[in-house]
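One structure below.
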Amino acid sequence: MRPRELTVQGFRSYRGRTTFDLRGRRLVGIVGPIGAGKSTILDAVVFALYGKTPSFERDTRSLIHQLEDGCHVELLFEVDGQIWRAQRALRRKGQSQHRLERLAKDADDAEVLETVLQEKPVRQRVERLLGMTFDAFCRSVLLAQNRFAEFLKATPTDRNAVLKGVFGYERFDAALSAAKDRVRGAELELDELEREGSRLAEARARLDEARAEATATSARHASLDAARERLGGLTQARDSALRDAAQASARTAQLQAAATAMPTAERLEEVAEAAAAATEAVRIAQEDVTAADEARKVAEAELEAISERIGGHAAFQAFAALVEKLDHEARAVEQAARAVEVAAREAEAARAAADDLARAATKKREALDAATTALEAAESASTEAEAALHVTQHAEMAHELRRDLTAGEPCPVCDRVVERVPRAGAAPKVAAADRALAKARTVETKARNTKEQAAAGAATALEQSAAGSERAEALAIQLVAGQDAARDAEAALATTKSELVDRLGDGDPRALLDERQHELELAETAVRAASAAADAARTQLETCRVQADETGRGLATLANQLASAWGLLGQPRPVGTAAADVRSSYVEIGETLVERLTEAAEAGDRAAAEAHAATEAVAAELAAFDLPPDADVARVVADAAAAAAASAERVRTIEETLAAGADLEARLVVATGARNVARRLVADLQPSRFLAYLLEEERAALADLGSVHLEELTDGAYRFSDDDAFHVLDMNAGAADRTADSLSGGETFLASLALALALAEMVARGGGRLDSFLLDEGFGSLDAEHLDRAMDGIGRLVAGDVDRLVVVVSHVEQMRQLMEDLIVLDKDVRTGETRVLSGAGPA
């Protein structure tokens, strides 16, 4: 397996999509600080091939980047000249995806030649391609970190699995499986040959019986074939007689059906009598209709005469209207008289009330005039009292001021010098003047209130007097109008009475009107009764006609039945629907049916006798061949011919079977020899025999060649034991035997590297399939000298095969200086993600 291109995304520390192109590269170093994702590249290669890694064989979802929901790994690789592409995708939730494709070439547009899907089928196909399981791959191609001693510590069985895959010895497993298949095939062939021998013995036993049967069936066929013509004539005569008998029977059945389909004589008479009765009922009903129509015409003529004499409904309506008008006008006259009487009384009362109101208004006016005079006197007295009070008040002030005046001094009021002090007089009576003014004002107020009340009473009396006068005048006008209306009503009443006398004559108008209306109603009632009688007669006529039609349809049905019977007799003819026609046709058909039934019975008897005689003759002829009387001769002859042919074919088949089995003994010898050879191959190809010998030789050769390389790497200090235990011999300790568990880290790495170099050299010599080595760390345990020797050994891995790829993972700086083709990685200190600084593709 030679990797060509690796692509990862979301895989461990590789969050983004990263592709490593490994085409044309031989020794590639993967360098970078711890945690930069160096070992992840090798894990991705193993995961793409086997779906797991040395560190995560079960919980593979832990390979997904912590910030992603899934990861994708794709590896393009070459095996035995074929290009393959392995694709695997994991999801934190949901199904994982696994796909393996064989491509026509290493190109983006390459055609897909083969596709394998799902985890288990992909893994199994990869194991067949590489010739090794996951564990064998990790012990040979991949020297994973901290797992260099896998091959050293492996059991002999696990080492054999690695060597089988490396040297292609798994082909022996395929050869063993093929040999086992050959054994099973040979045994199946022998079983079939034994069954064939049993069939041949059975065929020999059946041959004489088959020949005897063929002779008998052939003779029977010849005899039947010779008698076929004679039997044919007899059978034809029998069949003809049977057909005649069947036809006679069918004719009899047809005639009987015709007789059954005919109506009975009772039914015919019943329908005919009903038709005659219905016809008579129609005649009587028609006469009743004619009489009713005549009676209606007489009643209508009498009604018309009365209408012409006394008038019709229109005249009666006019008379009734005049009577109603007369009554209405009489009531109007009475109402008008009562209205005039009432209006006269109301007008008289209104005139008296108006006079009373006028007198009251005069008195109220006189009272108002007296109140006005009294108010004027009170106002004058009040004015005089105010003037007297004013004079008295000034006198009082002068009297008081005089006390403070001094001749020659300024006046305290006008500031003029007082020339002379006035003479003192009696003190003014201001209080008396004030009381006189209050009394005068009280009298004035009372007089004003009295005037206002008198004015209001006078105004009200005046308004009432005016209203009373207006009412009296209005009632007087109404009285005149009522008197005019009464005269008009009396005139209208007289006119209506005169008109009624002219139309109805003297007497009570309503009694005269009722008498004439009663006469008209009697005539109308007679007309309605006559019309109802005519309608009833006509309805009865229609009922009788319906019954007549129904009985006519009954006669028509009978006529149709008789016509059908004539058709069944082969003499189609029409039958009239009259009762006489139906009766005559019925009698004629009956006579014809009796005649035809007699003829059919006689013909049937003759045909039955002939058929019986022919049947007896055929039965006697068939009995000679042990056949039933109703056997089909042609079918019997054909069956005999088929039986003879089948017997002959059976003889031929048995003879051919015996001829074909003539070489059975020789084929048994050949098949037995092939089975024995296959069994010997199965025994020789058992893992405990030939393959064990080959693997033992390869282990010994690997130990010898590994010792050579280990001595070179350790300057002769160590070599492997001569057996296949791969123990390390410490030459500095007297060739002490040391197991792999007792070696230091550096010693373990050098021993593993020595075995890898030896294995690569053996593969190069023998044409094995170690096209790549993947080495992860281990160099840190070596000093500078041993590191140089290890690199020389790794260089020989590459030099031995021009297309072999060796990938070395290390963080040792000296390793970085010793290799030219480097993939340089770094770690993002913030996110922890891998950054590819250089070397993703060839330099």
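Read-outs: derived from the displayed coordinates by stated rules, not from any lab. Remember, it's a predicted structure, so these values are computed and weren't measured experimentally. Note that each Cβ is placed from the backbone with ideal geometry, even for glycine, and that neighbours are counted across all protein chains shown.
Using the Karplus curve 6.51 cos²θ - 1.76 cosθ + 1.60 with θ = phi - 60°, what ³J(HN,Hα) values do you get for each residue of segment 372-377, in whole Hz, with x for Gly and Pro?
Here the 3J(HN,Hα) series is 5, 5, 5, 5, 4, 5 Hz.
Could you check the simple spin-label distance between Phe56 and Leu837, using points 7 Å along Cα→Cβ, in nm with one decimal?
That separation, rounded to one decimal, is 2.6 nm.
Rounded to whole Hz and in sequence order, give me ³J(HN,Hα) for segment 7-12 from the Karplus expression 6.51 cos²θ - 1.76 cosθ + 1.60, θ = phi - 60°, writing x for Gly and Pro.
Per residue, the Karplus-derived 3J(HN,Hα) values read 10, 10, 7, x, 9, 6 Hz.
For Pro410, what is the net charge nearby, where nearby means another residue's Cβ is under 13 Å from its Cβ and Lys, Arg count +1, Asp, Glu -1?
Numbers: positive: Arg416; negative: Asp404, Glu409, Asp415, Glu419.
Here the charged neighbours net out to -3.
Quick one: Karplus J couplings for segment 43-58, per residue in order, coefficients 6.51, -1.76, 1.60, θ = phi - 60°, nearest Hz, x for Gly and Pro?
4, 5, 4, 5, 5, 4, 7, 10, x, 7, 10, x, 8, 10, 8, 10
Using the structure shown, select from Lys364/Lys429; Lys429/Lys451; Lys364/Lys439; Lys38/Lys120; Lys120/Lys827; Lys363/Lys439 the pairs with a Cα to Cα distance greater than 32 angstrom. Please report the intermediate quantities before stating the final value.
Working: Lys364/Lys429 43 Å; Lys429/Lys451 34 Å; Lys364/Lys439 28 Å; Lys38/Lys120 28 Å; Lys120/Lys827 35 Å; Lys363/Lys439 30 Å.
Flagged as over cut-off: Lys364/Lys429; Lys429/Lys451; Lys120/Lys827.
Can you give me the distance in nm between label points at Glu490 and Asp415, each placed 7 Å from the Cα along the Cα-to-Cβ direction?
It works out to 10.5 nm between the two label points.
Give the long-range amide H neighbours of Leu805: residues separated by 5 or more places, or on another chain, with amide H under 5 Å away, using H modelled in the peptide plane at 1.01 Å from N.
Close amide H contacts, sequence-distant or interchain: Ser772, Phe773.
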